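Let me begin by presenting the structure, written as structure tokens, before commenting on it.
Read-outs throughout are calculated quantities, based only on the coordinates presented, and are distinct from any laboratory measurement. Predicted, not measured: the structure shown is a model, and the values here were computed from it.
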Amino acid sequence: MKTYSAKPTDVKRMWYLFDASELPLGKMSTKIAKTLIGKDKVQFTKHIDCGDYVIVINSDKLVMTGNKYTDKIYYKHSNYPGGLKETALKDMIIKDSRNVIFQAVRGMLPVNKLRADRLNRLKIFKDDNHLHQAQQPTIISLKDLK
């Protein structure tokens with residue numbers, strides 16, 4: 001029996017809606033990354049982008065466990081001497097909470113040529129209103145995934 005290998009024409013993309021206020025950032029990000037990659041599909045093939053579209057709403061109501069809201073630090077370096085910049089999670093949420101979710105999901109995707117296309121299918125919104133009602137996304141309740 002031959003091993004099945006999906007072709008780009010075989011991929012059927014679905015739309016899924018996640019609510020960021022239901023589950024902590026890490027658990028939510030792993031489920032989003034798995035959906036973007038397409039690992040939960042039967043026809044998953046490593047070298048073909050089989051993933052789906054993901055809409056994340058309520059990024060302003062992001063859930064964190066423990067003291068991460070005050071203690072977690074994001075680092076960025078300019079590659080010049082003394083170019084290390086530190087930003088606390090609470091400051092990033094105040095500035096733009098969508099970037100926190102984007103960075104978390106980006107870090108969970110494999111680093112290859114498919115990552116940019118997968119991240120383009122991730123749509124993040126600050127509140128309940130989103131622009132993709134016409135796509136009729138399937139609502140994924142993250143509370144069931146605990």
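Rounded to the nearest 500, what is the 222 nm mean residue ellipticity of the chain from helices alone, with -39500 (n - 2.57) per DSSP H run of 4+ residues and division by all residues?
Using -39500 (n - 2.57) per qualifying helix, the result is -9000 deg cm²/dmol.
Quick one: of the DSSP bridges fully inside the chain, what percent are antiparallel, nearest 5?
Percentage antiparallel, nearest 5: 30.
Just checking my list [x] 10, 35, 35, 18, 2; [y] 10, 37, 32, 15, 5, 0; [z] 11, 39, 38, 11, 0 against P(r) over Cα pairs in 10 Å bins from 0, in percent computed from this structure; which label fits?
Of the labelled values, this structure produces [y].
Setting aside same-chain residues fewer than 8 positions from K68, which lysines have a Cα under 30 Å from its Cα?
Qualifying lysines at Cα under 30 Å: K27, K31, K34, K39, K76, K85, K90, K95, K123, K126, K143, K146.
For L17, list long-range residues whose amide hydrogen, built 1.01 Å from N in the peptide plane, is under 5 Å from its own amide hydrogen.
For L17, whose amide H was placed from the backbone, the distant partners under 5 Å are I55, T138, I139, I140.
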